[in-house]
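Only one structure is covered here, and it is reproduced in the block below.
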Amino acid sequence: MSRTDVHGTVADGFEQVREAFAEVAAEQDGQVGAQLTAYAHGRPVVDLWAGDEVSGDTLTGVYSATKGAATLVVALLVQDGVLDLDEPVARRWPEFAAAGKDGITLRDVLTHRSGVIGVEGGLSAAELADDAVIARRLAGQRPYWKPGSAYGYGGFVAFAMVNEVIRRVTGQSLQQVYDERIRAPYGLDLYLGLPEAEEQRFRPIQWWRATPQQEAAFWSNVPGPHSILGIGYGLNSTPPLDQVAFANTRAVRANGQASAGGVGSARGLAGLYAAAVWGIDGHPPLLEPDTVGEFSVLHSTGADLVRGGQGSYALGFQAKGLRYPFLSANAFGHDGSAGSESFADPRSGIAFGYTRRRFGFGWSYPEHDRLAAAVHDAVARHRATTS
């Protein structure tokens with residue numbers, strides 16, 4: 001049995017997805033370890049895995065795909081009338097008003113328009129493990145650009161601000177609301193706070209493979225630690241944040257840091273989006289159509305001050321209809337820096353989840369396009385043959 005054998009199942013009509021996943025696994029030669037799960041209108045149709053030390057039940061760090069779960073908590077609380085997206089954050093969290101942040105709204109934070117992406121001197125790895133500690137450090141920080149004038153990705157800190165608002169309004173943390181209303185009722189293998197009892201299923205993230213020459217060439221072109229990008233990615237701390245060690249640290253997994261500390265599987269990621277829009281296993285959808293519509297509307301497009309180039313954000317979610325042009329305009333989801341990807345396309349009925357255990361060189365994941373296209377094509381063909 002080779003290390004690139006593909007395991008799992010696909011529904012009739014989805015064989016091409018298995019073929020695409022097998023091609024990806026063969027190219028990775030078992031050295032990465034990946035999972036792929038997809039739903040069609042709330043029905044599971046793809047459940048595949050391949051690679052070293054990986055099964056369908058394996059859990060690993062999903063980094064910023066965590067933001068999708070965290071945003072779903074916000075969407076539920078907005079739907080309930082508990083949170084107001086356009087209320088200033090400081091109205092619920094007075095300390096946040098310092099240094100010109102009194103007008104920043106929850107919507108600004110969720111769409112990465114607040115200008116609050118880190119702190120002077122950086123946040124240590126230990127501080128970044130805890131949303132409450134991050135929030136205390138951010139309270140006195142001046143924004144790095146005029147709030148609302150531009151946008152830049154708040155990779156490691158954005159949802160610490162959101163969490164603090166939720167804590168002030170509800171008396172519960174974002175993680176508690178997620179576990180009580182989303183993860184536990186829907187049986188999702190996606191944790192914002194991994195219980196000790198589940199640790200044996202966790203497999204650590206690994207760094208990309210590259211020659212010393214490739215590494216040197218790559219890092220020679222990275223902006224400095226005190227640049228906007230450096231601040232946004234924790235490079236301005238001493239020592240700079242080690243992204244691999246971040247997800248592999250028990251404190252990060254135990255706390256379920258709401259911007260990037262989630263732990264899960266492809267089943268958990270796809271199940272999250274299926275539960276949000278269509279419902280799964282006899283449970284109703286978490287979100288009403290109007291809520292889905294509001295949270296999938298484009299808010300921040302064009303140049304991203306932190307990540308550079310063109311970005312596209314809806315409300316808390318990434319706008320996947322711009323990332324994958326074959327999806328509908330209101331497709332939404334979130335990826336993660338180690339290669340996880342997840343989204344829902346309300347029009348086509350797709351809920352998609354993908355994980356991998358090794359960073360791609362230069363944070364590049366071309367297999368996302370191939371796998372998402374394969375799932376989309378299979379769903380479209382299946383619909384055409386059954387309608």
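Take residue 291: with every protein chain present and a 1.4 Å probe, its accessible area is about 10 Å². Helix check for the chain. Which DSSP H runs span at least 18 Å along their own axis by Cα, with a mean Kyte-Doolittle hydropathy no less than 1.0? Answer set is 66-79. Here the spin labels are modelled as points 7 Å beyond Cα on the Cα-Cβ line, and at residue 15 and residue 347 they lie 3.0 nm apart. Here the scattering of region 265-345 is modelled by Debye summation over its C-alpha atoms, one equal scatterer each and no solvent; at q = 0.13, 0.18, 0.21, 0.25 Å⁻¹ the log10 of I(q)/I(0) is -0.42, -0.77, -1.00, -1.26. Placing a pseudo-label 7 Å from each Cα along the Cα-to-Cβ vector at residue 384 and residue 55 gives an inter-label distance of 3.9 nm. Estimated at 0.36 nm per residue, the fully extended path between residue 31 and residue 242 surpasses their Cα-Cα distance by 73.9 nm.
Accessible surface calculations at 1.4 Å, restricted to protein heavy atoms, place the chain at 38 Å² per residue. What shape does region 92-243 have by the C-alpha gyration tensor, where a ≥ b ≥ c are the square roots of the eigenvalues, rounded means a/c under 1.5, and otherwise prolate means a/b greater than b/c and oblate the rest? Judged from the Cα gyration tensor, region 92-243 comes out oblate (a/c at least 1.5, b/c at or above a/b). For the chain, the fraction of 1.4 Å probe accessible surface lying on carbon and sulfur atoms is 51 percent.
Charges were assigned to the Cβ only: +1 to each Lys and Arg, -1 to each Asp and Glu. The resulting dipole of region 121-228 about its Cα centre is roughly 440 debye. Just want to confirm a number: the relative contact order over the chain, from Cα pairs under 8 angstrom separated by 6+ residues, in percent. Value for the chain: 24 percent.
Computed from the Cβ-Cβ distance with R0 of 22 Å, the FRET efficiency linking residue 95 to residue 226 stands at 0.30. Candidate cross-link partners of residue 146 among the lysines, defined by an alpha-carbon separation under 16 Å and a same-chain spacing of 8 or more, comprise 101.
Protection proxy ranking of 249-260, 347-358, 233-244, by the mean of other Cβ atoms within 10 Å over each peptide's residues and highest first, is 347-358, 249-260, 233-244. Sorted into 20 angstrom bins from 0, the C-alpha pair distances of the chain split as 30, 60, 10, 0 percent. Label-to-label distance for residue 169 and residue 198 is 2.5 nm, based on points extended 7 Å past Cα in the beta-carbon direction. In terms of accessible area, using a 1.4 Å probe and ignoring ligands and nucleic acids, 376, 41 rank largest first as 41, 376.
The values are calculated or read from the model by the stated rules, or taken from the named source; none is laboratory data. All of these numbers come straight from a predicted model, not from anything done at the bench. Glycine gets a Cβ as well: all are built from the backbone with ideal geometry, and neighbour counts include every protein chain shown. What goes into the accessible areas is simple: the full protein's heavy atoms, side chains included, and nothing from ligands, DNA or RNA. Shrake-Rupley method; radii C 1.70, N 1.55, O 1.52, S 1.80 Å.
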